[in-house]
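*Asks:* Could you have a look at this structure, given as structure tokens, before my questions?
FYI, it's all coordinate maths here, none of it is from the lab. As the structure is a computational prediction, the values presented were derived from the model and not from experiment. Backbone-built Cβ (ideal geometry, glycine too); neighbour counts: all protein chains shown.
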Amino acid sequence: MAANMYRVGDYVYFENSSSNPLLIRRIEELNKTANGNVEAKVVCFYRRRDISSTLIALADKHARELEEEMENSEMADLPEKQKHQLRHRELFLSRQLESLPATHIRGKCCVTLLNETEALKSYLDREDAFFYSLVYDPQQKTLLADKGEIRIGNKYQADITDLLNEGEEDSRDLMKLEEKVWDPNSSLTEKQIDQFLVVARSVGTFARALDCSSSVRQPSLHMSAAAASRDITLFHAMDMLHANSYDMTRAIAALVPQGGPVLCRDEMEEWSASE
């Protein structure tokens, strides 16, 4: 029974034609249509056969460079048959979404980002195991790496100053290096601060009720209240307390200026539930 249960996040096979290999997709959403059928919104993964020969050459070049960086000759030591099999285990992630009938699902598989510490042969040892390291854009016909890079140099890393000798004073102006954003020794008690944070969350919930885009993303009061309780709201509330010298009356007024309640929103609210 468990083998036939599919959830959001599962990697699955889809059949679209008896003459073609099974499609590999990741389930993003499962929705029931008006006629009672279940439809899956999925992320597309592409096989080597689905991309142009130019991009395949680019993918092979990326694989060779990765092998050199890893100083790993494992791929070169593999027999030709296993090399061929391994190429068929490579997929290309895309940002493309499509909707397919759930009745076309033909089982689960496993797809992982290529792990540089894992033996390549391990993908052949596991049934239904695939890997990817590049992202394919079907519209632009491009391949890009699916991870960032570490940049080195003065533009990207801070210069570490020499350790002070014993008895030597720090000649830097510390006031220019840091800014006080919170005073734990203020006149407010912990209970008063907690009460103010509850007020800030309430204002955040009301602000989402007034905002049209928020009401679409969080259609229920429960979801709006949860979004208003995120750290971004609490950080703003504590900033307002500090900026108003821990005067509760002035800080509450700052939460609700003349234009209406302040809406604090972070990046997480821009993501869908499946993301």
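*Asks:* Separation between the residue 13 and residue 175 pseudo-spin-labels, each 7 Å from Cα along Cα→Cβ, expressed in nm?
*Replies:* Taking the simple label geometry, residue 13 and residue 175 are separated by 7.2 nm.
*Asks:* Taking the Cβ-Cβ separation of residue 195 and residue 222 as r and a Förster radius of 22 Å, what is the calculated FRET efficiency to the nearest 0.05?
*Replies:* 0.50
*Asks:* Which residues among segment 100-131 fall inside the zone where the amide N is under 20 Å from a point 7 Å beyond the Cα of residue 77, along Cα→Cβ?
*Replies:* What the label zone holds, given the 20 Å backbone N cut-off, is 115-126.
*Asks:* Next question. What distance in nm lies between label points placed 7 Å from Cα along the C-beta direction at residue 115 and residue 186?
*Replies:* Calculated label separation equals 4.7 nm.
*Asks:* Gaussian network model of the chain, Cα springs within a sub-10 Å range: biggest mean-square fluctuation belongs to which of 27, 252, 160?
*Replies:* 160
*Asks:* In whole Hz, what ³J(HN,Hα) sequence does segment 40-54 give by Karplus (6.51, -1.76, 1.60; θ = phi - 60°), x for Gly and Pro?
*Replies:* 9, 8, 10, 8, 8, 10, 10, 8, 4, 5, 8, 10, 6, 5, 4
*Asks:* May I ask you to evaluate 6.51 cos²θ - 1.76 cosθ + 1.60, the Karplus curve with θ = phi - 60°, for each residue of segment 251-256 and list the ³J(HN,Hα) values in order in whole Hz, giving x for glycine and proline?
*Replies:* So the Karplus estimates, Gly and Pro as x, are 5, 5, 4, 5, 5, 10 Hz.
*Asks:* Read phi for every residue in segment 234-246 and hand back ³J(HN,Hα) as whole Hz from Karplus 6.51 cos²θ - 1.76 cosθ + 1.60, θ = phi - 60°, with x for Gly and Pro.
*Replies:* These are the phi-based 3J(HN,Hα) values: 5, 4, 5, 4, 5, 4, 5, 4, 5, 5, 9, 6, 6 Hz.
*Asks:* Say the dipole of segment 2-145 comes from +1 at the beta carbon of Lys and Arg and -1 at that of Asp and Glu; which of 36, 46, 12 then lies farthest toward its positive end?
*Replies:* Most positive-ward Cα: 36.
*Asks:* Now for a separate question. With 23 Å as the limit, write out which pairs from 81/108; 155/180; 155/176; 61/155 have Cα-Cα distances beyond it, or answer none.
*Replies:* Among 81/108; 155/180; 155/176; 61/155, the Cα-Cα distance tops 23 Å for 81/108; 155/180; 61/155.
*Asks:* Okay, moving on. Under 16 Å Cα to Cα from residue 121, which aspartates and glutamates show up? Leave out anything in the same chain fewer than 8 places away.
*Replies:* 67, 74, 77, 80, 90
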